[in-house]
Amino acid sequence: MHDRLQGAKGGGATVSLRRELMAVDERQQRRRSAARSVEAPERPRPKKRPAPPPARPSGDALIAFHDVSKLYEGADVGLKEASFSVMRGEWSFLVGPTGSGKSTIMKLLIKEIDLTSGSITVAGKPLADIARHRVPYYRRNIGVVFQDFKLLPGRTVYENVAYALQVTGQRRSEIRAKVPDILRLTGLSTKLHNYPEQLSGGEQQRVSIARAFVNHPPLLLCDEPTGNLDPETSIGIMQLLYRINRTGTTILVATHDNQMVDKMRRRVIQLENGRIVRDEATGLYARDESTKEFAARLRGEGPRGGPDLG
Amino acid sequence: MRLGFFIREATRSLKRNAAPSFAAVATVLVTILVLGIFIPIVQATTVATDEVRGRLLLNVYLKTDASDTDVERVRRLIAEQTPNIKSVEYVSKRDAYLEQKRRNPTAYELLGRNPLPDTLRITPSDPDGINAIRDALTPLTPSGARTTIDPAIDEVRNRREDTDKIIRGTNVVKLTMALLAGLLIAASILLIANTIRLSVFSRRREVEVMKLVGATDWFIRWPFVLEGVLVGALGGVLAVGLLGVAKVAFVDPLTESFSLIAAPETLNFPLLVLILLGASVGVSALGSGISLRRFLRV
């Protein structure tokens, strides 16, 4: 799985920023592969090729916020002097009540809105330097997943995912190669020709993740990805995101599902009224575990067979 | 690939917005029909008016007792003293009588004698200067009456009054048609703008997704522009088809009896078709442009 993702990544690099990100990713992968052979941890499923350990923060930051403030019109505060950075390959949660600034951070990152003061750099490049007409090309390096999925009705699962490739001008042959691949990864191979209306909430979210990740962007933003889903389905979604994270993709998840956050034991950035009140880049990282173990832990169980989607 | 994608997207949203699209197509059709009738009519009337103006004459009526020497003198006077003369034709009493008798035999039979004077018929080189010639031959006195520069001249008259009526009449026709065409063009633009606005609204999810995954601004805009142009082109093609049928069915049989329609200066049909199709596409592109500017924030 992981090897295939890497292969597809290498082929799709079009933008210099992206190429740069790729290069770093590949370096990390090589480093990790080397480490793996030494550690040689036991795998629960010997059939599968051993997956690399979860990406740990490496030396350089992918996202860096420096004293970022965002004031909306009418003096609404979106974000107040927020400073944090996210390492490549890191998994971070943004938590906080509604209106605390989680979505503002997401919108700032995709350059949907502009900041009032401070600076944001992504992959070492200040966002302010990206010209208005270059923004679409910048966005191709970021996958975005929303609570309400934002799927297109009247188009099948396949068409929905292919749409993201079509509108960025990719060739038909590329689309034919990439879409079935990503649908297999997200466990939707059998739902190819279904319409979104015919799918459950969890399946719809999988489609939207497939669409966000089909280009293998180095950064995946998830705004309340499990907000509309029941706990069990949410675990499935988190498992899928975890699998994507393990390929080296940086993941930023905004949520107010505190239980989930506690169980995941990943970095937590807590926001209140636009201020960062807690940033636990703790050493609480769970040991290197398979997606199955991961899911079991989320359910609060011992190691036991859950629905594996690989 | 891209063009195919744009066309697919455009037709998809045309189907989804069938009603407003139909309204826009119908309006473009009517507009182009009116333009298609208006342009040849304006051309034909312009040609006709010019012809009438070209035929403007000034009649210098001499006194009934004028002798041949008087005629010669007046003729010389005209040639020497007035500008803007193309030609002067002498119509004798007898010629005038024969001409009138030929047109209206019974009336002149009853008359029994010739009441007509000798006439010098002046063709001006510029129709607009006709009044200057008249003033030169019969200057106005301070009291407002007219005198003549030669005692043999009885009266100088032209048919300007009649031509003025023709020119005024054709101008009214032109003005109404232009007004109607202008209103219809405005209506077409607005209706196409409305169609595109509805299309933008109904495709807002697509637009949102396109923006999220990094489609360029023009990639997002093209399907809408294409949709507007398709609507316009459809209306235009239908209108041109109808005009073609009308031409074959009604105008062509009439060309033998009406010189106006056959006037060689009017546009030939292929050129007219080209102009009309260009107009329909232009109108629809303008309409789409207005809507995209106002409603598609990319």
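The values are calculated or read from the model by the stated rules, or taken from the named source; none is laboratory data. Predicted, not measured: the structure shown is a model, and the values here were computed from it. So basically every Cβ, Gly included, is an ideal-geometry build from the backbone, and we count neighbours across all protein chains shown.
Here are a few things to note about the model shown:
- The set of residues in the range B:69-90 being surrounded by fewer than 17 Cβ atoms within 10 Å (Cβ to Cβ) and touching an Asp or Glu at 6+ places or on another chain (Cβ under 9 Å) consists of B:ARG73, B:ASN84, B:LYS86, B:TYR90.
- Within the range B:211-227, one or more residues are farther than 30 Å from A:ALA210 by Cβ and more than 14 Å from chain A (Cβ to nearest Cβ).
- The set of residues from the range A:94-128 being among the acidic types (Asp, Glu) and touching a strand residue (DSSP E or B) at 6+ places or on another chain (Cβ under 9 Å) comprises just one member, A:ASP114.
- If you go through the range B:247-274 and keep only what is in contact with a helix residue (DSSP H, G or I) (Cβ under 7 Å, 6 or more places away or on another chain) and either at pLDDT 90 or above or farther than 25 Å from B:ASP50 by Cβ (or both), you end up with just B:VAL273.
- Residues that are without any contact (Cβ under 8 Å) to a residue 40 or more places away in the chain and away from every other protein chain (no Cβ under 14 Å), drawn from the range B:178-210: B:LEU179, B:GLY182, B:LEU183, B:ALA186
- From B:ARG113, B:ARG2, residue being surrounded by fewer than 13 Cβ atoms within 10 Å (Cβ to Cβ) and over 30 Å from B:ARG204 (Cβ atoms): B:ARG113
- Test: residue in the range A:177-195 that is over 18 Å from the mean Cα position of the chain (by Cα) and at the interface with chain B (Cβ under 9 Å from one of its Cβ atoms): no
- Residues satisfying the stated conditions in the range B:52-68, i.e. of a type outside the set (Val, Ile, Thr), surrounded by 14 or more Cβ atoms within 10 Å (Cβ to Cβ) and under 20 Å from the mean Cα position of the chain (by Cα): B:ARG53
- Residue check for A:LEU199: under 21 Å from the mean Cα position of the chain (by Cα) and either buried (at least 16 other Cβ atoms within 10 Å of the Cβ) or within 22 Å of A:THR247 (Cα to Cα) (or both): no
- Condition check for B:ALA132: at pLDDT 80 or above and in a helix (DSSP H, G or I): no
- Whichever residue in the range B:1-25 is of a type in the set (S, T, N, Q) and part of a helix (DSSP H, G or I) and, among such residues, is farthest from the other protein chains (Cβ to nearest Cβ): B:SER21
- Within the range A:136-154, the set of residues being within 9 Å of another protein chain (Cβ to nearest Cβ) and either among the charged types (D, E, K, R) or closer than 12 Å to B:GLY214 by Cβ (or both) comprises A:PRO136, A:TYR137, A:TYR138, A:ARG139, A:ARG140, A:ASN141, A:ILE142, A:GLY143, A:VAL144, A:LYS150.
- Taking (1) hydroxyl-bearing (Ser, Thr, Tyr); (2) within 8 Å of chain B (Cβ to nearest Cβ); (3) surrounded by fewer than 21 Cβ atoms within 10 Å (Cβ to Cβ) in turn, A:TYR158 satisfies each apart from (2).
- Evaluated against (1) more than 8 Å from chain B (Cβ to nearest Cβ); (2) among the hydrophobic types (A, V, I, L, M, F, W, C); (3) buried (at least 20 other Cβ atoms within 10 Å of the Cβ), A:ALA131 falls short on exactly one condition, (3).
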